[in-house]
Each structure stands twice: as structure tokens, then as C-alpha cells.
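Here the structure comes first, spelled out in C-alpha cells, and everything after it is commentary.
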Amino acid sequence: MPYVILFALCLFPFMAIGQEANDRKEFISQQALDLASSNNAFAFDLYNHLEPSGNLCFSPYSISSALVMCYNGAQNETKNEMSRVLRFKSTLDTLNESFSVLNRFFANASKENLSKENLSKENPDFRIDIVNSLWVQSGMQIVPQFIEALGKYFKAPLHPVDFLRQREIAREEINRFVKEKTMGRITNLVGPTDIDHSTKMVLVSSIYLKAKWKKPFEPQLTKMEPFFVDDGKTVSIPTMHVKGFYPYHQSKDFAAAEIGYIQPKEHLPKLAFLVLLPEKHLKLQELETKMNEEVFSDILSHLESEELNISLPKFTFTESFSLKNILTQMGMEKAFSPEAKQKDSTALRCEVKSFFCPLLDTRQYDTIFLSLFFRPTTSKYCS
């Protein structure tokens, strides 16, 4: 059964959120399922290159989606490097269509049903929003095919702004857009130093998830309890509790449990929070080094229903970090090289920043917000 990893979450000692993609051909194509597999491989490649100093949350699907938009403007060795790092195996047209199919597939999960009469009616208990936008220096001529591809496949509208003379106004406009699309949670995605006189274009990608637990945690059972951090320390934190039957797997190194969210329609995505808990003899970092797409798929294939007492901490945190060095280490060197434009006039150069605001602070709902932006500069975009 194919899965799409929308979010990866590492909160000592918990990690991983996964999205199952149902393979009914009338709702999703084989090409889109192949893309899901490639995205999952990229997710673990990226995860193994991240070196967090504490809690970590990122969305490999959102990062891949934003990068494929940049990929539409890359050529030559830059394009080849991006393809290898992102695990792309299809033509550009097939990739664009596959991302479009997956985005529509997730969006349909937010609707009450798929009938034409109620297609626009939001489900109050389940919502996934993937929002893209393109911000371009006013007056700059952009290759029409680039604008057409981002609008058609990624629903990324074009916003003309003046980065050159009204930089702060442009920054505030982008931040207002992101704030609105993340329900007010992300207010300063683009900082004062993130845009300068060389900025000609900004790509923004945001993802918003709000889903009701299939079996809500019991409010009267939430209480302060010790939480064991990986370095052996303990902290006191509000802890939620619930008892019921859950998909579960026990190995010699860890226990895995899948906590499901409400599923609006049987044929639509099955969204679940997969928790991995290392055994006492294994540190979290050691468990992380064992994780890859094959291990992840093996865990999911061995889950069986068992009655469990589940305890989860309530938490909220925000984080911001750059992916530039990480993607460079993974092999995407041309895209970030200062000499890229001189060596390859069609090379893609982009600045990357991501901001996360995951929340697990209610007993009935789980909510996660994420936004990131790229600064591409390449002649391929301009006519």
C-alpha cells in the first residue's frame, strides 16, 4: 500500500507522521503513486542529513513541491542535480501532473463529499490546505510557460511587487499572505534581511493540516507527568491519555503505534500519526540512523490491532532554519553556487528558509502549520 509522508516530526522520543494514499485508479494515477514513492525516499534522505539540536518538524512533501516549482526553471547540470537529489524519475510534464493529482487528492479530503453540489463545502473535522504563490519584481518579463506551469499544476498565482524600491512593503505583503493562509499562526516568514536588492522572485509554499482524532483523548485524564528526554533528563509536561485498539508493532528496537485521524470518506486519504518509541537499550539517534523508506514500509505492513494505553505530551514549538547547506550536501550544489550563473546561464540559485509551527495542544484536534520560501534567480525564468 503506497504512502505519502506529509510531515516528519521528531519530539524526543516521538517521531513521524505519515499519509496513506489509497490506490483506487479512479482517484489517483499510477504516476502519482510513483511520485509518492520518490517523495518518501527523498524524505528519509533529507531527514538523515538534518542535524537538529532539539525538537524537529519538517514537511518533505512541501519542500519537494516547492523545489519542483523551481525545477520548472532549471536546466543543464542544475536540473540533473535536482532530479537526482529529489529522486525524480519522470519527465517534467509527468512530474507536474503528478503533483497536481496528489494536491487535488489531498484537497478533496477537506470537502464534505465529492458531489458537484457540495464540493466547496469544508469538512469542519478534517482539512489539508497546500497553498503556493509566486512573487515577482514588477515589470520583469517572465517566461509565459513558467507562469502557466505554476498556475496550472500548483495553483500558484502571480503577485507583482517592487523588491527594488519598496522592499519592506513587498516583504509585509508576502507575510500578510502567509499569515492569512496559516490562520494567523505564521506571521513573519520573510525576515528583514531575507530580501535584498538582488531579489527578483520569491516562491512561497505553505501547508496547513487540521484533523480530528478518530478517538479523542479524554480531558479528565490529562495531567502533569515526567517526560524522558533522550539525554536521560526528565521534564514535567501536560500529558494526554487515551485507551483503545490501535495498529501496533513491537520489534526488538522499538514499539510503533498508529494513531488515526478521522477519515471523511472511505476512498479518500487515510491520515495517521505514527509514533515510534525506542526501547531502553537504544538511543533516539540510533533509531534515526536505522530509518529509511524500506524500514518505514516494513513497519506499516506489520501493524496489527491491539488494545493500548497511549500517553502523548501536549506541546507547541516554532522553528526556523535554512535548507541551503543541507541540500548542497545532498548533491544540489549548482543551485546554490555563487558562481552558478557565470558557469551556467540557466542555473537555478535559491535562498531557502522554512518556518514551522506544529501544535498538539488540544485533545480533539491536531494542527500543524508550515511555510517556506525560495529565492530563485535564473535567466530561464525571464524572456
**Q.** Potential extension, Q31-K252 segment - 0.36 nm per residue separation minus Cα distance
**A.** 76.0 nm
Q: Using 0.36 nm per residue of separation minus the Cα-Cα distance, give me the extension gain between M140 and N325 in nm, one decimal.
A: 63.7 nm
Q: Would you work out if segment 206-321 is rounded, prolate or oblate? Take a ≥ b ≥ c from the square roots of the eigenvalues of the alpha-carbon gyration tensor; rounded if a/c is under 1.5, else prolate when a/b is larger than b/c, oblate otherwise.
A: rounded
(Q) Can you give me the distance in nm between label points at D194 and N48, each placed 7 Å from the Cα along the Cα-to-Cβ direction? (A) 3.0
**Q.** Extension reserve of the N292-K223 stretch, reckoned as 0.36 nm per residue once the Cα distance is removed
**A.** 21.4 nm
Q. Pairs K179/K334; K223/K280; K181/K324; K89/K212; K233/K324: which exceed 30 Å Cα-Cα?
A. K179/K334; K89/K212; K233/K324
Q: In Å³ and rounded to a whole number, note down the convex hull volume per residue for the Cα atoms of segment 178-223.
A: 117
(Q) Output needed: percent of Cα pairs per 10 Å distance bin for segment 115-255, bins running from 0 to the one holding the longest distance. (A) 9, 23, 24, 19, 18, 7, 0
Q: Place the peptides 134-141, 98-105, 61-68 in order of packing, highest mean first, counting for every residue the other Cβ atoms within 10 Å and averaging per peptide.
A: 61-68, 98-105, 134-141
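Throughout, read-outs are computed from the coordinates displayed, never taken from laboratory work. Small disclaimer: the values here were computed from a predicted structure and weren't measured. So basically every Cβ, Gly included, is an ideal-geometry build from the backbone, and we count neighbours across all protein chains shown.
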